[in-house]
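Participant: Pasting a structure below so you can have a look.
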Amino acid sequence: MALSSPGTLSLETLDDSDPDPAPLLDGEPWPPPCEIILDPEAEHSMDVILVGSSERSSPPSPRLRRDLIAYEVKVNQRDIEDMCICCGSFQVHTQHPLFEGGMCTPCKDKFLECLFLYDEDGYQSYCSICCAGETLLICENPDCTRCYCFECVDSLVGPGASGKVQAMSNWVCFLCLPFPRSGLLQRRKKWRGWLKAFCDRESDSPLEMYKTVPVWKREPVRVLSLFGNIKKELMSLGFLEYGSELGKLKHLDDVTNVVRRDVEGWGPFDLAYGSTPPLGHACDHPPAWYLYQFHRILQYARPRPGSPQPFFWMFVDNLVLTKDDRIVATRFLEADPVTIQDVYGSTIQNAVHVWSNIPAVKSRHSALDSQEELSLLAQDRQRAKPPTQGPAMLVKNCFLPLREYFKYFSTELTSSL
């Protein structure tokens with residue numbers, strides 16, 4: 001659940017306290033040791049009460065909660081890079097790519113899986129710090145889609161900071177603010193480069209991730225759409241503008257005689273899309289022909305090796321490729337497929353197989369499975385009328401992560417989402 005924030009505009013640091021503990025003066029005695037008492041009656045709180053003790057307290061358990069991150073940093077003077085800022089664990093595997101701090105293995109895996117997932121309102125589905133959280137605060141910069149959970153904001157910025165954010169209007173997030181520090185939350189310098197290096201290093205995907213693009217450098221997307229036209233879907237997402245020359249789409253149904261010179265003359269392109277014909281539609285070629293031709297044209301459309309230009313592609317099979325064809329597609333496209341389903345209740349109404357290098361396509365959807373069920377669906381669709389939701393509509397929301405790379409013209413998605 002994402003929340004916008006009513007109230008007054010404010011860009012000041014939410015936590016006015018000094019995030020670094022004041023050093024003791026030479027000769028000044030250390031304060032008496034403290035022990036941590038947690039109120040067992042408070043199920044939904046982790047209030048820490050410090051009381052004097054005549055005995056030195058034992059160090060906090062490595063299984064500490066995020067509520068104790070500030071205590072560890074300010075009182076025990078632990079380096080925040082040696083703690084997972086997502087959960088508070090001391091078992092650090094790597095460093096968080098966006099903010100200063102560590103990250104344990106489970107949180108790293110969750111972050112890789114969820115960072116580029118988007119809801120239908122166009123905002124990211126999970127907190128940009130921990131990739132979890134039930135209630136989210138959304139950044140109201142119209143060019144940003146990031147969200148932050150109450151728990152991370154309160155534990156890293158300061159107690160009660162989430163309430164202050166919620167009371168603001170036009171709140172801009174910790175990656176958009178002009179100053180890099182809010183409480184213990186310190187934005188990394190050149191965090192886009194950190195994020196790319198993190199994903200390339202930690203992800204098990206063979207596909208390279210492109211560095212995200214600052215908003216002032218984003219250009220309209222240039223699209224090559226083969227066999228299926230996705231103009232309507234991209235317009236509804238705001239990537240193409242009605243009646244404008246900004247952003248363009250080249251649609252081709254037959255590429256038999258298209259050569260490299262043609263594609264280079266029409267381009268350059270940022271996104272290449274192709275699909276097999278829907279079941280029940282007349283086909284001029286065998287289903288595998290569409291795969292081979294997409295792969296051929298894709299090689300012409302790619303940027304030259306070594307180019308930093310973000311380039312994305314997607315191929316959609318409308319359940320017409322054979323098992324051997326799908327194996328060939330995986331080998332040619334060097335990516336594993338996923339299944340995107342249109343489910344009503346417990347019944348699969350429609351489904352497609354998708355190969356793509358767009359971030360998080362694989363995370364949101366299941367890997368190929370239940371082929372027997374999908375085969376029965378394909379047989380039913382051959383006998384029935386075409387489904388109401390076409391293949392392009394099924395993959396429409398998979399294009400939302402491209403907001404990190406290209407300009408979009410509408411700040412609110414249309415009701416057709």
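What follows is calculated from the coordinates using simple rules that are stated; it is not laboratory data. Bear in mind that the values here come from a model prediction, so they are computed numbers and not experimental data. Every residue, glycine as well, gets a Cβ built from its backbone with ideal geometry; the counts of neighbours run over all protein chains shown.
Participant: For Q95 paired with W216, estimate the spin-label separation in nm (one decimal), with each label point 7 Å from Cα along the Cα-to-Cβ line.
Facilitator: Inter-label distance under the simple model: 2.6 nm.
Participant: Follow-up. Give me the extension gain from E202 to H285: residue separation times 0.36 nm, minus the current Cα-Cα distance, reported in nm with one decimal.
Facilitator: 25.8 nm
Participant: Let me ask another. With θ set to phi - 60° and the Karplus curve 6.51 cos²θ - 1.76 cosθ + 1.60, what are the ³J(HN,Hα) couplings of segment 318-330 in order, to the nearest whole Hz, using x for Gly and Pro?
Facilitator: The phi angles translate into 8, 6, 10, 6, 6, 4, 5, 4, 5, 5, 5, 4, 4 Hz.
Participant: Once label points are set 7 Å from the Cα along Cα→Cβ at both D109 and T330, what is their separation, rounded to one decimal in nm?
Facilitator: Calculated label separation equals 2.1 nm.
Participant: Within segment 281-320, find all residues whose amide N lies under 16 Å from a label point positioned 7 Å from the Cα of V259 along Cα-to-beta-carbon.
Facilitator: 297, 300-301
Participant: Calculate the spin-label point distance for R65 paired with K190, positioning each point 7 Å from the Cα along the beta-carbon direction, and give it in nanometres.
Facilitator: 3.9 nm
Participant: Only four residue types carry charge here, +1 at the Cβ of Lys and Arg and -1 at the Cβ of Asp and Glu. Report the dipole size of segment 59-135 about the Cα centre in Debye, rounded to the nearest 20.
Facilitator: 400 debye
Participant: How much length is gained on full extension from K232 to D79, taking 0.36 nm per residue of separation minus their Cα-Cα distance?
Facilitator: Using 0.36 nm per residue and subtracting the Cα-Cα distance, I get 50.0 nm.
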